[in-house]
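Heads up: the structure comes next, in structure tokens.
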Amino acid sequence: MLVHLLKSKIHRAQVTGASPDYEGSLTIAEDLMEKAGLLPHERILCSNLANGERFETYAIKGERGSGAIELNGAVAHLGKIGDRLTIMAFTEVDSAKATRWKPRVIVLGKKNKIITERGF
């Protein structure tokens, strides 16, 4: 049996930009995506800590080292620059391995710099 578990999480990512005219997605700085184990175009679930909004979209790479977290398309209306997001991706894990599963989690601070990481 397979169970759905958290694979990757970026916690407290601060929104740095918004582009409602873009096709859609969430731009995430490439180095943050790699550290959290997120792939380009991977499906993600986001929650906005400022207003409680939750939305599903996909991740696209932003400039490495930029700290970019940008709301694109319709989701640009669900937050504003400065809001903090939790960005999550999930996977299926065999139930026999589920009790030992550890997601990759990074917690961000000022300028979206990593302050804590676990699950590596």
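Take L32 and decide whether it is outside any strand (DSSP E or B), at pLDDT 95 or above, under 17 Å from F55 (Cβ atoms) and within 11 Å of the chain's Cα centre (by Cα).
In short, no.
Under the condition of being aliphatic (A, V, I, L, M) and within 15 Å of the chain's Cα centre (by Cα), which residue from region 55-75 is nearest to R43 (Cα to Cα)?
Filtering first and then ranking leaves A59.
Has region 36-55 got at least one residue that is touching a helix residue (DSSP H, G or I) at 6+ places or on another chain (Cβ under 6 Å), surrounded by fewer than 18 Cβ atoms within 10 Å (Cβ to Cβ) and either modelled with pLDDT under 95 or closer than 17 Å to G65 by Cα (or both)?
Scanning region 36-55, I find no residue that is touching a helix residue (DSSP H, G or I) at 6+ places or on another chain (Cβ under 6 Å), surrounded by fewer than 18 Cβ atoms within 10 Å (Cβ to Cβ) and either modelled with pLDDT under 95 or closer than 17 Å to G65 by Cα (or both), so the answer is no.
The values are calculated or read from the model by the stated rules, or taken from the named source; none is laboratory data. Note that the coordinates shown come from a computational prediction; the quantities given were computed from them, not determined experimentally. A quick note on method: Cβ atoms are made from the backbone with ideal geometry, for glycine too, and the neighbour counts reach across all protein chains shown.
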